[in-house]
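The structure appears right after this line, and notes come after that.
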Amino acid sequence: MKPFDKILKDNKAWAAQMVASDPDYFKRLAEIQNPEVLWIGCSDSRVPANTITGTEPGEIFVHRNIANMVVHTDLNLLSVLEYAVNVLKVKHIIVCGHYGCGGVKAAMNRHSIGIINKWIRNIKDVYRIHRDELESITDEESRTNKLVELNVQEQVMNLAKTSIVQTAWKHDHRPYLHGWVYGLQDGIIKQVSDIAPGSHFDELYEFDNL
């Protein structure tokens, strides 16, 4: 059996199992999408949002990219963010990275990997900002894990810099911003950052005419 054939077969088995346990499951799911959380996670196949949080489809609105980045020129991310904040009215946004992230590891060396260079340059910027702290860590794995955490913190800050979030803060006092890191080895999520609505960080990035 080819891999994609197995996926389709398993899909039918899963759908049948869901209907057997709850005949109205898909009917309810199709009628409404009302998540309270936007999840910005890594594309890594080992970090599926619903699985590691124990949530059901419909509970979390999900966007994923390499190394869970919030890049101010990424129209895909910004479109998801605007829809989640202004249409779905989410109350929380989570940026979730994970230890052992390949994108973070790639940003820590000087090997060219093609078009991805342009993407991970944003992670290199995080390394540059925190160079002294990172290079004081002698163990390579520990240094990589620290950069994973610092990268999540910077991406949460990038969310706070957007006019989308700042407008919602001003008028609706939401959403809360959270930075998490998932451990592949133990399945546990670590909280590394939290920013409440209306928080002040650096006035250079704050809009006063929203």
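The values are calculated or read from the model by the stated rules, or taken from the named source; none is laboratory data. Note that the structure is a prediction, hence the values are computed from the model and not measured. When we count neighbours, we look across all protein chains shown, and the Cβ atoms used for this are built from the backbone with ideal geometry, even at glycine.
List of remarks:
- Residue match in region 160-175 (condition: acidic (Asp, Glu) and closer than 30 Å to Gly102 by Cα): no
- Residues (in contact (Cβ under 8 Å) with a residue 40 or more places away in the chain and not β-branched (Val, Ile, Thr)) located in region 76-94: Leu78, Leu81, Glu82, Ala84, Asn86, Leu88, Lys89, Lys91, His92
- The listed residue being surrounded by 13 or more Cβ atoms within 10 Å (Cβ to Cβ), of a type in the set (Ser, Thr, Tyr) and within 20 Å of Thr53 (Cβ to Cβ), out of Tyr127, Tyr176: Tyr176
- Qualifying residue in region 138-146 (condition: surrounded by 17 or more Cβ atoms within 10 Å (Cβ to Cβ), outside any helix (DSSP H, G or I) and within 17 Å of the chain's Cα centre (by Cα)): no
- Condition met for Ser43 (free of Cβ contacts under 8 Å to residues at least 24 places away in the same chain and within 20 Å of Leu147 (Cβ to Cβ)): yes
Table: residues versus (1) outside the structural domain of Gln155 (by TED's automatic domain parsing); (2) surrounded by 10 or more Cβ atoms within 10 Å (Cβ to Cβ); (3) touching a His at 6+ places or on another chain (Cβ under 9 Å).
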residue	(1), (2), (3)
Met1	yes, no, no
Phe4	yes, no, no
Asp10	yes, yes, no
Ala15	yes, yes, no
Met18	yes, yes, no
Asp22	yes, yes, no
Phe26	yes, yes, no
Asp44	no, yes, yes
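- Restricting attention to region 91-133, the residues that are over 18 Å from the mean Cα position of the chain (by Cα), β-branched (Val, Ile, Thr) and within 22 Å of Ile195 (Cβ to Cβ) total 1.
- Selected residue (only one of Lys170, Lys190 is in a strand (DSSP E or B) and either assigned by TED's automatic domain parsing to the domain that holds Thr144 or of a type in the set (Lys, Arg) (or both)): Lys190
- Any chance Asp22 is in contact (Cβ under 8 Å) with a residue 24 or more places away in the chain and on the phi < 0 side of the Ramachandran plot: no
- Gln17 passes every criterion in (1) farther than 27 Å from Asn122 by Cβ; (2) not in a helix (DSSP H, G or I) apart from (2).
- Some residue of region 54-66 being touching a residue at least 24 places away in the same chain (Cβ under 8 Å), closer than 29 Å to Tyr127 by Cα, within 13 Å of the chain's Cα centre (by Cα) and not in a strand (DSSP E or B): yes
- Number of residues in region 154-210 that are under 15 Å from the mean Cα position of the chain (by Cα) and of a type in the set (Gly, Ala, Ser): the value is 4.
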